[in-house]
Amino acid sequence: MLDDTARKLLRIMFQFNGHVHRMPSLDELKRLSGRRPAAIKAGLLQLVEQYFIQWDDKQPVETAVVIEAWERDVPFKDHAAAGPHKSQQAPLTGNIDYWTEY
């Protein structure tokens, strides 16, 4: 299980790469995560240890490669079994009165 900093960095790196088509620099990670450089490097090392990213700590952060962008500890079926959120569920009665009552 990832701690908050590592999870946040993983999401930032994946989303940033998808939008900008490159990996963020250390300064960009600092700005986007709100963490200090020491905490960012510790989070990146945790991601490397658990094989979420591939990165040599002697290289710049931009050379990192995301291997897996999602946490492994949470099974998908638990999320799917929970069903949609209450705000996404359609009411049982719907708005049939609008169409049938003139």
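The values are calculated or read from the model by the stated rules, or taken from the named source; none is laboratory data. In this text, all values refer to a predicted model and were calculated from it rather than measured experimentally. Positions of Cβ are generated from backbone atoms using ideal geometry, with glycine treated the same way; all protein chains shown enter the neighbour counts. Ligands, DNA and RNA are excluded from the accessible area calculation, which covers all protein heavy atoms including side chains. Shrake-Rupley method; radii C 1.70, N 1.55, O 1.52, S 1.80 Å.
Do any residues in the stretch 1-25 that are touching a residue at least 60 places away in the same chain (Cβ under 8 Å) and closer than 13 Å to R35 by Cα have Cβ atoms under 9 Å from those of residues that are open to solvent by less than 60 Å² (accessible area, probe 1.4 Å) and not in a helix (DSSP H, G or I), where the two are at least six apart or on different chains, and which pairs are they?
Matching pairs, first to second residue: R7/E71.
Which of the residues belonging to the stretch 27-39 are under 18 Å from the mean Cα position of the chain (by Cα) and either open to solvent by 50 Å² or more (accessible area, probe 1.4 Å) or farther than 15 Å from A64 by Cβ (or both)?
Here is the first cut: in the stretch 27-39, the ones under 18 Å from the mean Cα position of the chain (by Cα) are 28-35, 39.
The answer is K30, R31, L32, G34, R35, A39.
Only one of L10, L2 is assigned to a loop (DSSP other than H, G, I, E, B) and buried (at least 16 other Cβ atoms within 10 Å of the Cβ); which? Break it down into steps so the answer makes sense when it comes.
Values: L10 fails: assigned to a loop (DSSP other than H, G, I, E, B).
That would be L2, the only listed residue that is assigned to a loop (DSSP other than H, G, I, E, B) and buried (at least 16 other Cβ atoms within 10 Å of the Cβ).
If the Cβ limit is 9 Å and pairs must be 6+ apart or interchain, which residue in the stretch 44-61 that is among the basic types (K, R) pairs with which residue that is modelled with pLDDT of 95 or more and not in a helix (DSSP H, G or I)?
none
Quickly run through the stretch 47-61 and pick out the residues that are surrounded by fewer than 21 Cβ atoms within 10 Å (Cβ to Cβ), out of contact with any Ser or Thr (no Cβ under 8 Å at 6 or more places or on another chain) and on the phi < 0 side of the Ramachandran plot.
V48, E49, Q50, Q54, D57, K58, Q59
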